[in-house]
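This report concerns only the one structure given below.
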Amino acid sequence: MRKFFRKYLPSHENIRQNRFVSFFGTLLYHHNLWHLHRRSVAGGVAAGLFAGLIPGSNPVQFFFATLFSVIFKVNLPIAVFVTLYSNPFTIVPLYITAYTLGSWVTGSKISHPDDLPSIEPGLLDKHLSEWIPVLTDYLVTFGKPLITGLFLLATLLSVTGYFTIRILWRYYVIHAWQKRARRNHSNP
């Protein structure tokens, strides 16, 4: 497993020189941020899955993945890499899932598409001050269920990812031990 991860992960220096990550300075020198073992990789996956649903583009998600890695002392390259699961192709289904989960938990739903605030096509040419009321209406309509759903979905994905990696890593190690034992037992 370590060979697989080392083959595809960026080096320590490449990550430390990234302008969004270099902010952490000497905190990036902790050995657990770079070691590849079951706990650090599983924690890195969990941190990356959680940070991947934080609204914002990749630099924002990279920053939070780095922050979580430093706080919890888990593998930083894995955490940063895993944030890429939320991308332009997957973000819409993820946000729809988060909104559905959040509306189920909070009990607030949009019963009819006419309940949504209207967006006028002419707003594209308008000043920011004219956009603020429209954005406020959308945040009030979608805000609570979406934010709640994003937090719950990120937590659910993180916990699931953490235990999945721990179980798969353990299975791989047991399988490798058994394979080695069979090989050693058959060769006297």
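Taken together, the values in this text are just the output of simple stated rules run on the coordinates, not laboratory data. Everything numeric in this text was worked out from a predicted model, so none of it was measured.
Quick check: residue separation of His35 and Asn87 times 0.36 nm, minus the Cα distance between them. What number comes out in nm? Please report the intermediate quantities before stating the final value.
On the way: separation 52, 0.36 × 52 = 18.72 nm, distance 2.68 nm.
Between His35 and Asn87, full extension yields an extra 16.0 nm.
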**OP:** Pull out a ≥ b ≥ c, the square roots of the eigenvalues of the alpha-carbon gyration tensor of the range 25-66, then state rounded if a/c is under 1.5, prolate if not and a/b is larger than b/c, and oblate in the remaining case.
**Re:** oblate
Subject >> Relative counts (whole %) of C-alpha pair distances in the range 142-188, using bins that are 5 Å wide >> reply: 5, 19, 11, 13, 9, 9, 8, 7, 6, 5, 4, 2, 2, 0
